[in-house]
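Data first, discussion second: the structure below is written as structure tokens.
The values are calculated or read from the model by the stated rules, or taken from the named source; none is laboratory data. What you are looking at is a predicted structure, and each value in this text was computed from that prediction instead of being measured. Here Cβ is always computed from backbone atoms with ideal geometry, including for glycine, and neighbour counts include all displayed protein chains.
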Amino acid sequence: MLLQQQSRATLNTPHNNAYRLFHRAADGWPGLAVDRFNDVLVAHLYDGLTEAEALPTLRALMAQTQARAVYVKHRPVQASQLSESERAALAPTTPLLGEAVAETVALENGLKFLIRPTAGLSVGLFLDMREGRAWMRENAAGKTVLNCFAYTCGLGLAAVAGGAARAINLDVSRQYLEWGKSNYTLNGFTPEPKDFIVGEVFDWLNRFGKRGQTFEVVILDPPPYSTTKHTRFSVQKHYAALAASALKVVTPGGWLVACANAMELPLQSFQRQLKEAAAEHPAKIIRTAHEPKLDFPVAGGHAPYLKICFMQRKA
């Protein structure tokens with residue numbers, strides 16, 4: 001653990017203070033993960049691990065990082081199946097350690113992200129998608145981008161920071177899109193209201209397709225399971241249909257960035273769905289990425305859980 005903590009310290013720079021500090025089995029404790037967001041630590045407790053059991057380790061990590069607070073999230077198997085009250089009980093709004101912190105600003109490669117430790121199970125930024133945001137920033141110059149399942153618009157912000165001609169953020173949650181607008185403002189960008197669309201992804205992909213509107217980059221980063229008013233989605237059952245709809249609105253020669261954050265979906269099965277999706281609009285997987293190795297090391301005998309496939313549509 002000590003060597004891994006020392007190596008992760010290299011991520012704490014004047015341009016970056018957001019990274020995973022403790023990663024479950026890879027650090028010797030499958031039930032515990034701890035994320036650092038500037039001066040706040042967020043501890044994720046799995047498999048029934050109690051706050052009392054985790055407390056000594058959390059105290060040590062707090063002292064090591066000189067954090068102001070430690071917040072706890074009790075992780076369920078499937079959060080999408082819980083009621084609002086059940087979800088609230090899993091994410092206490094008072095810190096386990098330290099002082100109350102309503103908001104803090106975390107840095108990732110120089111970009112600022114608004115973090116709200118009391119906002120439920122998700123606090124504003126998924127750290128394992130860091131390499132996806134870096135790719136987007138490096139490849140967005142002059143391109144039109146559609147960011148589906150945008151959440152707080154981290155990938156859209158990365159595209160704009162990389163010089164995208166336009167980035168549309170699409171999500172069912174107006175609250176998260178407003179949060180995304182705040183991220184834009186934090187970084188000196190003026191959010192265009194028309195580029196933040198509240199709606200269901202399948203519905204809007206169909207609308208764009210009927211209009212003949214295409215994008216040079218389309219990003220798919222769905223939750224593993226979700227239920228909305230009109231749709232039920234599972235990455236294991238429905239990703240092929242989702243990717244096929246997305247490829248219809250990718251400009252020939254453009255990119256589909258397909259993400260799946262699900263341990264239960266093996267890489268080969270995911271790639272098989274993507275190849276099935278490309279039957280009508282041929283596209284090739286050019287590159288595959290996973291969670292960052294430095295702060296999300298893979299424990300022996302386990303495969304990476306995050307899969308990002310960069311597909312290029314045939315010109």
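For region 38-157, give me every one of the strands (runs of 3 or more DSSP E) that falls completely inside it and has 1 or more residues that are closer than 23 Å to Phe296 by Cβ and acidic (Asp, Glu).
Qualifying strands (runs of 3 or more DSSP E): 104-108.
Considering each residue of region 28-37, count those that are in a strand (DSSP E or B) and among the aromatic types (Phe, Trp, Tyr), and give that number.
Matching residues across region 28-37 total 1.
Within region 120-149, count every residue that is without any contact (Cβ under 8 Å) to a residue 40 or more places away in the chain and in the same structural domain as Lys293 (by TED's automatic domain parsing).
6
Answer yes if at least one residue in region 267-287 is in contact (Cβ under 8 Å) with a residue 24 or more places away in the chain, in the same structural domain as Phe233 (by TED's automatic domain parsing) and under 26 Å from Trp29 (Cβ atoms), and no otherwise.
Within region 267-287, one or more residues are in contact (Cβ under 8 Å) with a residue 24 or more places away in the chain, in the same structural domain as Phe233 (by TED's automatic domain parsing) and under 26 Å from Trp29 (Cβ atoms).
Which numbered condition trips up Thr185, out of (1) without any contact (Cβ under 8 Å) to a residue 12 or more places away in the chain; (2) closer than 23 Å to Pro304 by Cβ?
If we test Thr185 against (1) without any contact (Cβ under 8 Å) to a residue 12 or more places away in the chain; (2) closer than 23 Å to Pro304 by Cβ, just (2) comes out false.
Is there a residue in region 216-231 that is β-branched (Val, Ile, Thr), over 17 Å from Asn147 (Cα atoms), out of contact with any Ser or Thr (no Cβ under 9 Å at 6 or more places or on another chain) and crowded, with 21+ Cβ neighbours inside 10 Å?
no
One residue is enough: does region 164-180 have a residue meeting the conditions free of Cβ contacts under 8 Å to residues at least 40 places away in the same chain, part of a helix (DSSP H, G or I) and of a type in the set (A, V, I, L, M, F, W, C)?
Yes.
Can you pull out every residue in region 11-27 that is part of a strand (DSSP E or B), of a type outside the set (D, E, K, R) and surrounded by 18 or more Cβ atoms within 10 Å (Cβ to Cβ)?
Correct list: Ala18, Tyr19, Leu21, Phe22, His23.
Can you give me the ranges of the strands (runs of 3 or more DSSP E) entirely in region 213-315 with at least 3 residues that are among the β-branched types (Val, Ile, Thr) and within 18 Å of Ala134 (Cα to Cα)?
215-220
I'm trying to understand the selection: among the residues of region 96-111, which are surrounded by 18 or more Cβ atoms within 10 Å (Cβ to Cβ) and either within 21 Å of the chain's Cα centre (by Cα) or farther than 24 Å from Leu55 by Cα (or both)?
Thr104, Ala106, Glu108, Leu111
Which of the residues that make up region 223-275 are modelled with pLDDT of 90 or more and of a type in the set (Lys, Arg)?
Within region 223-275, Lys248, Arg272, Lys275 qualify.
Which of (1) surrounded by 15 or more Cβ atoms within 10 Å (Cβ to Cβ); (2) in contact (Cβ under 8 Å) with a residue 12 or more places away in the chain is the odd one out, the single condition Pro191 does not satisfy?
The single condition Pro191 does not satisfy is (2).
Given the options Val235, Val198, Val249, name the one that is under 23 Å from Phe126 (Cβ atoms), buried (at least 17 other Cβ atoms within 10 Å of the Cβ) and touching a helix residue (DSSP H, G or I) at 6+ places or on another chain (Cβ under 9 Å).
Sole residue among the options that is under 23 Å from Phe126 (Cβ atoms), buried (at least 17 other Cβ atoms within 10 Å of the Cβ) and touching a helix residue (DSSP H, G or I) at 6+ places or on another chain (Cβ under 9 Å): Val235.
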